[in-house]
Amino acid sequence: MSISTHNRLLYEGSDWDFGTLQRAYEAVEAVAIGELGLNVYPNQIEVITAEQMLDAYASTGMPLFYKHWSFGKHFAFHEAGYRRGLMGLAYEIVINSNPCISYIMEENTATMQTLVMAHAAFGHNHFFKNNYLFKEWSDAEGILDYLEFAKGYIARCEERYGEGAVERVLDAAHALMSHGIHRYPRKKRPDLHSEERRESERHRHHEGTYNDLWRTVPSKGAPSEAKAIEEKRRSLLELPQENILYFLEKSAPRLEPWQREILRIVRQIAQYFYPQRQTKVMNEGCATYCHYRILTHLHERGRISDGAFLEFMNSHTNVIYQPEFDDPRYCGLNPYALGFAMMQDIERLCMQATDEDREWFPDIAGRGDAIAVLQDIWANYRDESFIAQFLSPRLIRQWRMFHLSDDPDDPELRITAIHNERGYVRVRRMLARQHDISWSDPDIQVMDVDLNGDRRLVVHHNVLNHTLLEQEDAKHVLQHIADLWGYDVVLKEVDVVTGIVLREHSARTRPLVF
């Protein structure tokens, strides 16, 4: 006797209980591991309320985060929009940790719970565990313990030194967060498990380094002696230094040990998010492709009903919707849409390659094993290199992409790339560049400090394409640097081609502690 489709369904209707979640998770896992061959961390699924999801929104997706006034501001903003029906909420939030924690909303229907487990607990999870950037920069084993340590440490600082004093340090550190990362691999990846144990050791080291540093103030000795002292000073300061938070943590002369530790906490968290900033298209594309394959497979096998599949497709198409350029909702390319379209296109050219595909992608066109190709791509690329390597002419035509040049020295807009062989190369290169954070983030480095005079800190912005900093923003951020450094700061915007100083900003220090 055959089993009816009715009895094989994972659930019926929209209601669910924890038994439903268990059945759905096991079915999703069977497809993700058995059919797609995903390699994931152990999963931990947490069901939370809409208010808790809003709270997680506000704290940059980290429900275990420390307290700060800016999180409350964001919470109030998102809550107001949500209550008025002006915005929806993410169906899930996922933390790159081991075990991988996926937060799903209790308001979700059974279909949406199945979808978000496929998307987050397996799609994102696989990407977190296997992509080289996350392996190189993230400590999935230690992040949860470190967040707990950071939350407790900052709470203890507030009790001991006052909320106002701690808030000013956090305000300054958050303003510099995007300039608090190491962009190139260092000798050893941070071991977040050991951070709490090493806290006291670091304080003793900082004290010794501080004393040694300020003994190297140039004297009136022989020129060779003064040069040696100068070289030692720059070596101790690790100049030039692009990680401004790291420099201030190690070298700011007036910071107390607890203030240095707060800078370190913010810096470690900024480093944790560094891979995510470089893989938005790939990460969401991977997760969206995986949930689409998994839910489609479940429907084809009769595990979810036609109605549930239609509900899934409605959500899926909303996620990957790409508004036209003249649509009021247009705000650039949707990373979910671009990522998913590229993953599907790679699957197509692996399975149904054309002559054009074979010319552009000789290594993978017609290869047959699309999952193996995609897994290799997910492991070894970031957004910039992924787009530069795998955006196909077919997809460029399908999305009707072209390159529009807006040169400030040219009074007219110019179309510099269309749908021809040269145009495909240029469109792909320029779109890839837009996803390269070395182009989108200003290159700001600590260059020197006048230890023989007023101890003024000198910072340079290496200007590309005549793009200067917004003056008001530069003024506020520079003030935060001056507050942490303890002396005056000057920022010079220098053209990288000519070496000419295009603009200068300055800030005078204020006391950090009330």
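Things to note:
- Qualifying position, being closer than 25 Å to GLN434 by Cβ, among the hydroxyl-bearing types (Ser, Thr, Tyr), outside the structural domain of MET112 (by TED's automatic domain parsing) and out of contact with any Gly (no Cβ under 6 Å at 6 or more places or on another chain), among TYR274, TYR246, TYR289: TYR274
- Checklist (1) out of contact with any Phe, Trp or Tyr (no Cβ under 9 Å at 6 or more places or on another chain); (2) part of a helix (DSSP H, G or I); (3) not assigned by TED's automatic domain parsing to the domain that holds LEU38 applied to TYR330, failing item: (2)
- Candidate set: the stretch 275-289, residues that are in contact with an Asp or Glu (Cβ under 7 Å, 6 or more places away or on another chain) and in a helix (DSSP H, G or I); chosen: the one nearest to ALA175 (Cα to Cα): GLN278
- Out of ALA365, ALA337, sole residue that is buried (at least 17 other Cβ atoms within 10 Å of the Cβ), part of a loop (DSSP other than H, G, I, E, B) and at negative phi: ALA365
- Flag for ALA417 being small (Gly, Ala, Ser) and modelled with pLDDT of 90 or more: no
- Index of the failed condition, TYR321 passing every other in (1) assigned to a helix (DSSP H, G or I); (2) surrounded by fewer than 21 Cβ atoms within 10 Å (Cβ to Cβ): (1)
- All helices (runs of 4 or more DSSP H) inside the stretch 14-96 with 3 or more residues being surrounded by 15 or more Cβ atoms within 10 Å (Cβ to Cβ) and modelled with pLDDT under 90: 50-58, 69-83
- Some residue of the stretch 138-146 being part of a helix (DSSP H, G or I), in the same structural domain as GLY34 (by TED's automatic domain parsing) and over 20 Å from PHE340 (Cα atoms): no
- Listed by position, the strands (runs of 3 or more DSSP E) inside the stretch 377-491 whose residues that are closer than 30 Å to GLN271 by Cβ number at least 1 are 443-449, 457-463.
- So LEU374, is it surrounded by 14 or more Cβ atoms within 10 Å (Cβ to Cβ), in a loop (DSSP other than H, G, I, E, B) and out of contact with any strand residue (DSSP E or B) (no Cβ under 9 Å at 6 or more places or on another chain): no
- Taken together, ARG264, ARG293 contain a single residue that is under 27 Å from the mean Cα position of the chain (by Cα) and over 30 Å from LEU333 (Cα atoms), which is ARG264.
- Candidates TYR292, TYR272, filtered to the one that is crowded, with 22+ Cβ neighbours inside 10 Å, assigned to a helix (DSSP H, G or I) and modelled with pLDDT under 95: TYR272
The values are calculated or read from the model by the stated rules, or taken from the named source; none is laboratory data. Not measured: the values here are computed from a predicted model. Cβ: placed from backbone, ideal geometry, glycine included. Neighbour counts: every protein chain shown.
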